[in-house]
Amino acid sequence: MTKIGFPSALITALRLMLGVLFIMSGYEKLMDLKFFALIIAEYQILPTFLISAIALLFSLCELLCGTMLLIDLFSRFSSSVMLCMMVIFIAAMINNVMRGLDHDCGCFKFLSQWYGLKEEIGIVPVVRDILFFILLLPIASFGSNRVPWKKDQK
Amino acid sequence: MPLHIKSGKPLRRKLFTTVIILLSSISPSLSQLHAAASVALAKEESGELDLSATKALFDTHSACFVDARSEYVYYKSHITGAISLSDSRFEEQFPDFRHNKAIETLIVVYCTEPSCGMARHVAKKLMKNGYRNVRVFSGGLIEWAHAGFPMEG
């Protein structure tokens, strides 16, 4: 049975683009962790005692997975972690939109500052996260799971 | 004699009110003043404060300022010394507030602008929880910031 391939150049492009995006997003959140924690609190999903820990975990995950995607270290694993996070973000946003809550999504503040994209929860951030989910899928499915400095790996 | 004094006061007040009403009906400028005063009085009675009254309370440190907006917005900027008690997470934040603020404290609640209802919601919740001395600064943070009054965050 022949394995369906995916252009490696496209995988690399996606990896680099998403890697940089998640590094910037994670760094931004880590730099003002309290602000991110307060936004998570506004989702009114988690108990108060978990909020700071989850804020730290999510920011670190974004930063680490972004770095791993950028240097192609366990790309399949890191993109799978980011896929899970995207599912959580999308579900949380849809849940709050349905409850009629109105607050910042805490996604990519720098994108809203640079391009004027909407940061409040709603259809735009949900569609944006779905797009990132779709872009992560090829890396999780066809990307490499290698360590870049070990040359003899497949 | 004391009876005479007691009966004289309402009579004098009635006379004064009649004169004011007569004057305000004659002069258009006075009637405008009268209308403005009535609006201010109605606002005051409903527990709403205007910018100058709020600033006076701020300057004399005679009230506790409460920010009814979301905590993350409060974190970025708020009236100097204000406490966060958001409409969205009131139940989580209130126990701490109740612990620190006595029931008779004069509280001034504000949100972003006159059209945002969060300040009125929080004021109602506070009154429901026993706080009787609650006022709303209807102009909100936008009016406060435009006036160049102290902010932090």
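We did not get these values from a lab; they are worked out from the coordinates using the rules stated. For clarity, every value in this text was computed on a predicted model and none was experimentally measured. Note: ideal-geometry Cβ built from the backbone for every residue, glycine included; neighbour counts use all protein chains shown.
Under 1.5 on a/c is rounded, so check that first for the stretch B:52-134, then, if it is not, pick prolate when a/b is larger than b/c and oblate when it is not; a ≥ b ≥ c are the square roots of the alpha carbon gyration tensor eigenvalues. Kindly include the intermediate steps, with their values, before the conclusion.
Details: a/c = 1.36, a/b = 1.03, b/c = 1.32.
In terms of gyration-tensor shape, rounded.
Determine how many Å³ per residue the convex hull of the Cα atoms of chain A encloses. Let's see the in-between values first.
Working: hull volume 20.0 nm³, N = 154.
Given the Cα convex hull of chain A, per-residue volume reads 130 Å³.
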- Shielding of B:63-72 by other chains, given as the mean Cβ count within 10 Å, works out to 3
- Computed about the Cα centre, the charge dipole of the stretch B:48-152 from +1 Lys/Arg and -1 Asp/Glu charges at the Cβ has a magnitude in debye, to the nearest 20, of 300 debye
- Task: Please determine, in degrees from 0 to 90 and to the nearest 10, the orientation of helix A:48-70 with respect to the longest principal axis defined by the Cα atoms of chain A, where the helix direction is its Cα long axis.
- Result: 30 degrees
- Query: Roughly how many whole Å is it from the C-alpha centroid of the stretch B:82-153 to that of the stretch B:47-73?
  - Reply: 7 Å
- Query: How do B:139-146, A:45-52 rank on mean C-beta neighbours within 10 Å, highest first?
  - Reply: B:139-146, A:45-52
- Message: For the stretch A:65-132 and the stretch A:9-27, what is the centre-to-centre distance using only Cα atoms, to the nearest Å?
- Response: 13 Å
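Given the pairs B:LYS55/B:LYS124; A:LYS109/B:LYS101; A:LYS29/B:LYS55, which are separated by over 30 angstrom at their Cα positions? Working shown, then result.
Working: B:LYS55/B:LYS124 22 Å; A:LYS109/B:LYS101 35 Å; A:LYS29/B:LYS55 35 Å.
Over 30 Å Cα-Cα: A:LYS109/B:LYS101; A:LYS29/B:LYS55.
Charges only on Cβ, +1 for Lys and Arg, -1 for Asp and Glu: so what's the dipole of the stretch A:9-154 about the Cα centre, in debye to the nearest 20?
On the way: 12 positive and 11 negative charges, 123 e Å.
The calculation lands at about 580 debye.
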- Message: How tilted is helix A:75-98 with respect to the longest principal axis of chain A? Cα atoms for both, answer in degrees (0 to 90, nearest 10).
- Response: 30 degrees
- Note on the structure: Loop-resident chymotrypsin sites (Phe, Trp or Tyr not before Pro) in the stretch A:53-154 with no more than 16 other Cβ atoms inside 10 Å, DSSP not H/G/I/E/B, are A:TRP149
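Once the Cβ-Cβ distance between A:ARG76 and B:GLU92 is put in as r, and R0 is 35 Å, what FRET efficiency do you end up with, to the nearest 0.05?
On the way: r = 40 Å, r/R0 = 1.13.
Once rounded, the FRET efficiency stands at 0.30.
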- Item | Dipole-positive endmost among A:SER75, A:ALA55, A:SER8 within chain A (Cβ charges, Cα centre) | A:SER8
